[in-house]
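Nothing in this text is a laboratory measurement; each read-out follows from the coordinates by a stated rule. Predicted model, so just to flag it, every value in this text is computed and none were measured. All Cβ positions, even for glycine, are placed from backbone atoms using ideal geometry, and neighbour counts span all protein chains on display.
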Amino acid sequence: MIRLLASVTGPEEAEIVIEGGADLVDLKDPAKGALGAVPPAVLDATLRAVAGRRPVSAVAGDLPMEPAVVRREVEARAAADYVKIGLFPASREARLAVIAALREPASRARLIAVFFADGDPDFTLLPVLAEAGFAGAMIDTIGKSSGRLLKHLSLVELSDFVATARRLELMTGLAGSLEPPDVPRLAVLKPDYLGFRGALTAGPRDGPVDLQAVRAIRALIPAGGVPSKSAASPSAAGDRIFVRDFTLPMEIGAYGHERGRTQEVRFSVEAEIEPIATGARTMAEIYSYDVIIDAIRSLAARGHTDLVETLALDLAHTVLADVRVREVTVRVEKLELGPAAVGIAVTRRRAASAP
């Protein structure tokens, strides 16, 4: 189940995001940086106001990678349900020293390490965090004006992060100037949390959170991590969404001369989806073609594949994993074998649900 992490500045905003459906109240001061910390007194007031209705996390601050400094700020916020510590740009040795200094606090408090997509993230530290007793790890961005999370890391890299953390039994979160269209793309990865601040305000990131904005993001995050079907009759004609002539260089082919090199492969996908509701106006009410494009990119990034048939079947299976998709046709074509194109088209339909 994917949960909504909502960043707030204090008890007043905490009440708003709880009313809007947030699952985790995350305390920070956005005017002080990516992980700008609020004073301990604000944390205490927020904990009293929330009164156990939601877990509360608190960031330790935009801190230098100095073990004594980081530990002091973590200890000052140990009353929170979670304490988030940024692994800011520094040498690997400095980051390791900070993690080592937090081993003892991690035995008493649930610590979350924050990697930065635009700050030299070293995901090889995930096993070190797990061994040190950290409760989780997430990814954010330092420069909120430098672009969204997906500008800095690909879906493949984010998927690897979530999968590795999950194997290590670390809670996972993804954040970083996320916007509504990012939600369906990231939901496919099934992190434990998606984190927001700017998208929850009616204006700038350091402005007050807005109840309607919180509700709009809440509506985008599927209950249980799975989008729901529309209320339309199963016999009703579906709508169609498509991606045509999307070409990528790929390592593909069963012959020896096709190994160790890339060639152009063209994808076209057409999916029958549940009918879109009349008056649909938000991302929560549609199936995004970005999800199909992301799936194609992920196939291209996974390495050599012998057969176009494998690509077509894997892509069809991925698209049909969304319950809103009834049927999908996938065409995969190799473009460099002499004819204009050779390849395969497959059509797969979702099995009818039992009555």
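Miscellaneous remarks
- Relative protection proxy for 104-114, 1-11, 144-154, from highest mean packing down: 1-11, 104-114, 144-154 (other beta-carbon atoms within 10 angstrom).
- Nonlocal Lys pairs with alpha-carbon distance under 25 Å, the chain (8 or more apart, or different chains): 13
- For the listed peptides 292-299, 304-311, a ranking on the average number of other beta carbons within 10 Å per residue, highest first, reads 292-299, 304-311.
- Highest mean first, the peptides 190-198, 69-77 sorted by other C-beta atoms within 10 Å per residue fall in the order 190-198, 69-77.
- Considering all different alpha carbon pairs of region 183-328, the Kirkwood hydrodynamic radius works out to 17.6 Å.
- Net charge of neighbours whose Cβ lies under 11 Å from the Cβ of ILE142, counting Lys and Arg as +1 and Asp and Glu as -1: -3
- Environment charge of ARG53, counting only residues whose C-beta is closer than 12 Å and scoring Lys/Arg +1, Asp/Glu -1: -2
- With distances taken between every two different alpha-carbon atoms, region 311-355 has a Kirkwood hydrodynamic radius of 11.8 Å.
- Helical content alone sets the calculated 222 nm signal of the chain at -9000 deg cm²/dmol, taking -39,500 (n - 2.57) per DSSP H segment of four or more residues and averaging over every residue.
- Over all pairs of different C-alpha atoms in the chain, the reciprocal of the mean inverse distance, the Kirkwood hydrodynamic radius, equals 22.0 Å.
- Estimated FRET transfer efficiency when R0 is 45 angstrom, pair ALA237-THR262 (beta carbons, to 0.05): 0.65
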